[in-house]
Amino acid sequence: MILQANPANISKAAEILESGGIGAFPTETVYGLGADVFNIRAVAKVFQVKQRPVFDPLIVHVQSERQVGEVAAQVPREARELMRKFWPGPLTFVLPKKAEVPDLVTAGLDTVAVRFPAHPAAQKLIHALKSPIAAPSANRFGRTSTTDAASVAEEFGDTIDFVLDGGPCGVGVESTIVKFGPREVRILRPGGISAEDIQKTLPGFKVIVALTKGASGTPEAPGQLEEHYATETPLIYLKGSLKDIQPEFEKLCEEFRKKKGSLPRLGFLGWNKIADTKIFPVSRVLTPSGKMPEAAARLFASMRDLDRQKLRIIVAEAVEPKGLGLAIDDRLRRAASGRDVIAVLKKLLK
Ligand code: TXA
Ligand code: MG
């Protein structure tokens, strides 16, 4: 059930959440699949519908800085500084949790991830519910995130109680997740707020991008798996642009044509230009104007769009991992989970 995010429907959605239902709502990053954080049965439904393993904790969404106190036991002074600068917005804080937060929400950890989203519909929904909303991204576990209501409906059909439609998400990649240590901030997931901007705000702090496993050998953000955000169609993430592998690639295509008569149906996800249509019948570009925020905003929708085109593989061009680009690069890298274009083509040739 897709509902336009108007005041009447937001009240209706809040009532559904209040009575233990679950539903999707827009945020400025991606759509979330929400439940009342204090309703364990509703939270359990979110895990079930998403097919999400219980070791992967949820983010708790609040509608004011004050409301953080309902779920977190303590907030470091420097975290407050970042909140004042970047909230409401795409920044999530991992903080010591209050006992009232169900263990299911935090996967048994003694910390809770908290975010104050900027999207007005998200804020109004949390306000109407009078309780924070626990919400993962609204996609099946391990799959591409959703940045529009139709994609959410396509993912979940009638297994969720509503989709609040607030239009396409403006930021397009998930929030940056940070955790504080002594004189340091660790970025557990790159996202809508860049490491550079965090560093500028806290010049005396060391900002560490900690995307892989910590010293203990277990990942600090338990949901940050090597394979994630995956399209159904195998996606290959190039190390540079298509031009860099052109000679070897064309040679393989030629071999392929000779052996099989025609090429497999290939899709291309480019930075700002489409590829040769004789090789790639379907191309999408991230940013016709060559700008990082536009590329981020279009990332998941482009991946989903290509995924609907009945392709054998999708080849994505590298995105410079700087600023917001670090988050885009991270998503594409995980969606591709290490596949190599030449190796994949050679395998198809056999
Ligand atoms: O932008 C976003 O953050 C979106 C929107 C809906 O707000 N939400 C989102 O949720 O991306 P999700 O579930 O796809 O990713 C949340 C990730 C988890 O996979 C986990 O890695 C991390 O947040 N996380 C949650 N609680 C944590 C904790 N206590 N400690 C470390 N990492 C945590
Ligand atoms: Mg997710």
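Assuming charge only on the beta carbon of Lys and Arg (+1) and of Asp and Glu (-1), the dipole of the chain about its Cα centre is about 920 debye to the nearest 20. If R0 is 56 Å, the Cβ-Cβ spacing of GLN4 and SER241 corresponds to a FRET efficiency of close to 0.85.
Note on ARG265/GLU294: beta-carbon distance plugged into 1/(1 + (r/R0)^6) with R0 of 30 Å gives a FRET efficiency of 0.65. Annotation: the antiparallel percentage among DSSP beta bridges lying fully within segment 203-350 is about 10.
In segment 1-116, a dipole from Cβ-located charges (positive for Lys and Arg, negative for Asp and Glu) runs towards its positive end, and of GLY69, TYR31, ILE10 it is TYR31 whose Cα lies farthest in that direction. Helix-only arithmetic for the chain: the sum of -39500 (n - 2.57) across DSSP H runs with n ≥ 4, divided by the residue total, places the mean residue ellipticity at 222 nm at -9500 deg cm²/dmol. Axis angle, to the nearest 10 degrees, between helix 7-18 and the longest C-alpha principal axis of the chain: 80 degrees. Here segment 235-343 is described by how far its Cα atoms reach on the three principal axes: 43, 24, 24 Å, from widest to narrowest. Taking every alpha-carbon pair under 8 Å whose residues sit at least 6 apart, the chain reaches a relative contact order of 19 percent.
Taking the fewest neighbouring Cβ atoms within 10 Å as the starting point, the ordered list for PHE300, PHE162, PHE116 is PHE162, PHE116, PHE300. Let a ≥ b ≥ c be the square roots of the eigenvalues of the Cα gyration tensor of the chain; is it rounded (a/c under 1.5), or, if not, prolate (a/b larger than b/c) or oblate? In terms of gyration-tensor shape, prolate. Counting every other Cβ atom within 10 Å of each residue's Cβ, ILE193, ILE187, ILE279 order from fewest to most as ILE279, ILE187, ILE193. The simple spin-label model puts a point 7 Å past each Cα toward its Cβ; for THR159 and LYS206 those points are separated by 4.3 nm.
Pairs of Cα atoms nearer than 8 Å and 6+ residues apart set the relative contact order; for segment 271-317 it is 32 percent. Placing a pseudo-label 7 Å from each Cα along the Cα-to-Cβ vector at ALA44 and ARG339 gives an inter-label distance of 3.7 nm. Other residues whose C-beta falls under 11 angstrom from the C-beta of LEU129 contribute a net charge of -1, scoring Lys and Arg +1 and Asp and Glu -1.
Under 20 Å from a label point set 7 Å out along the Cα-to-Cβ vector of LYS12, the amide N atoms of segment 161-188 belong to 161-168.
Based on alpha carbons, the Rg and Dmax found for segment 1-158 are 14.5, 44 Å. Note on the chain: antiparallel DSSP beta bridges, both residues inside, total approximately 45 percent of the bridges counted. As I understand it, the value is the acute angle between the Cα axis of helix 120-129 and the longest principal axis of the Cα atoms of the chain; what does it come to in degrees, rounded to 10? Once rounded, the angle reads 40 degrees.
Using all pairs of distinct alpha-carbon atoms, the Kirkwood hydrodynamic radius of segment 105-179 works out to 14.1 angstrom. With respect to the chain, whose longest principal axis is taken over its alpha-carbon atoms, helix 77-86 is tilted by about 60°. Fewest-first ordering of SER241, SER337, SER262 by other beta carbons within 10 Å of each residue's beta carbon gives SER262, SER241, SER337.
The distance between label points at GLN199 and ALA73 comes to 3.3 nm (points 7 Å beyond Cα on the Cα→Cβ vector). Taking the square roots of 5 times each eigenvalue of the Cα gyration tensor of segment 197-293, largest first, gives ellipsoid semi-axes of 37, 19, 13 Å.
Every number in this text was worked out from the coordinates using simple rules, so none of it is lab data. Model, not experiment: these values are computed from the prediction. We place every Cβ from the backbone using ideal geometry, glycine too, and count neighbours over all the protein chains shown.
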